[in-house]
Amino acid sequence: MGHEVVGHAVTVGKNVKHIKIGDRVGVGAQASSCLKPDCFECSSGLENYCPAMVGTYNGKYPDGSKSYGGYSTYVRSPGHFVVKIPRALDSAEAAPMLCGGVTTWSPLKQNGAGPGKSVGIIGIGGLGHFGLLWAKGLGCDKVVAISRTSEKKHDATLMGADEFIATEEDPNWAKKNSRKLDLIICTVSSPEMPITKYLQLLRTNGRFIQVGAPEEAIAGFNMFALIAKGVKIGGSCIGSPKEISEMLQFAADHHIHPFIEEKEMKDANQIIQDIDAGKARYRYVLCNEPRYPLP
């Protein structure tokens with residue numbers, strides 16, 4: 001938390017042209033990059049991969065100053081990474097899209113999710129629930145939710161899942177669902193994921209994209225899992241400002257509503273403990289009270 005921030009612009013720098021005072025705006029997990037013309041990433045619309053990326057919360061700018069994030073009444077951020085919130089989106093619903101939402105939106109879009117494609121989402125949490133919402137909204141032929149147990153099956157169905165795979169409840173899940181999916185987005189962060197079985201779910205030339213971030217190395221797997229079907233493994237990190245804007249507009253146009261719980265900012269410490277305990281269903285949104293009026 002602290003890196004998905006929505007509010008109103010109260011001061012705008014003289015070189016910022018796309019935001020004016022009073023606009024409802026947001027900033028996601030990234031607050032800065034080098035933006036140099038000779039930077040491949042920044043000049044290609046891939047600012048989220050710039051080696052000089054600065055995080056919105058607890059990051060450090062090149063001049064040594066610190067980014068403090070959204071645990072505050074006001075937040076200051078470089079204008080390039082501030083996006084307008086469409087009028088049709090509620091602020092509390094838009095906020096978790098700015099990191100959690102775009103983290104699954106970007107790989108789905110980048111890998112052709114849409115009509116004619118069958119997509120699997122591994123992990124039904126803060127990230128995974130967005131993956132299901134986007135995949136359904138994009139019109140994928142089949143959306144499959146994959147989780148360890150069937151505890152979240154009902155929720156996953158409400159989010160758009162056509163099918164549900166509970167990996168700890170069906171010992172033959174990989175074989176039963178072999179060659180079913182064109183694309184898998186994996187949101188889990190456990191280093192013990194059964195990667196070989198996940199790859200079994202892919203069709204020929206299928207893609208497995210990792211967005212969850214295990215802190216430890218994952219277990220090895222046989223390379224024939226890739227060779228035999230020509231499948232590819234990749235990764236994806238948040239999304240660019242352009243992708244965030246496109247995603248927000250898509251959510252507004254297609255009436256996408258994330259599963260959120262609004263809480264008061266004063267309860268932030270307890271909320272962090274609740275997240276650690278796995279209680280979130282599926283994103284907490286901290287709201288400043290009172291909600292300060294514009295100067």
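The values are calculated or read from the model by the stated rules, or taken from the named source; none is laboratory data. As the structure is a prediction and not an experimental result, all values here were calculated from the model. Don't worry about glycine lacking a Cβ; one is built from the backbone with ideal geometry, like all the others, and counts go over all protein chains shown.
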Strands (runs of 3 or more DSSP E) completely within segment 155-274 that count 2 or more residues being among the charged types (D, E, K, R)
202-210, 260-264
Segment 37-90, residues that are assigned to a strand (DSSP E or B), crowded, with 18+ Cβ neighbours inside 10 Å and not small (G, A, S):
V54, Y57, V82, V83
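Results for (1) in contact (Cβ under 8 Å) with a residue 12 or more places away in the chain; (2) assigned by TED's automatic domain parsing to the domain that holds R87, shown as yes or no for each residue.
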| position | (1), (2) |
| --- | --- |
| G230 | yes, no |
| K242 | yes, no |
| M247 | yes, no |
| A252 | yes, no |
| E264 | yes, yes |
| A268 | yes, yes |
| D276 | no, yes |
| R281 | yes, yes |
Of the residues that make up segment 285-295, is at least one hydrophobic (A, V, I, L, M, F, W, C), at pLDDT 95 or above and part of a loop (DSSP other than H, G, I, E, B)?
no
Only residues that are modelled with pLDDT of 95 or more and either surrounded by 11 or more Cβ atoms within 10 Å (Cβ to Cβ) or on the phi > 0 side of the Ramachandran plot (or both): list them for segment 218-227, please.
L226
Of all residues making up segment 198-217, the number that are surrounded by 13 or more Cβ atoms within 10 Å (Cβ to Cβ) and in contact with a strand residue (DSSP E or B) (Cβ under 9 Å, 6 or more places away or on another chain)
12
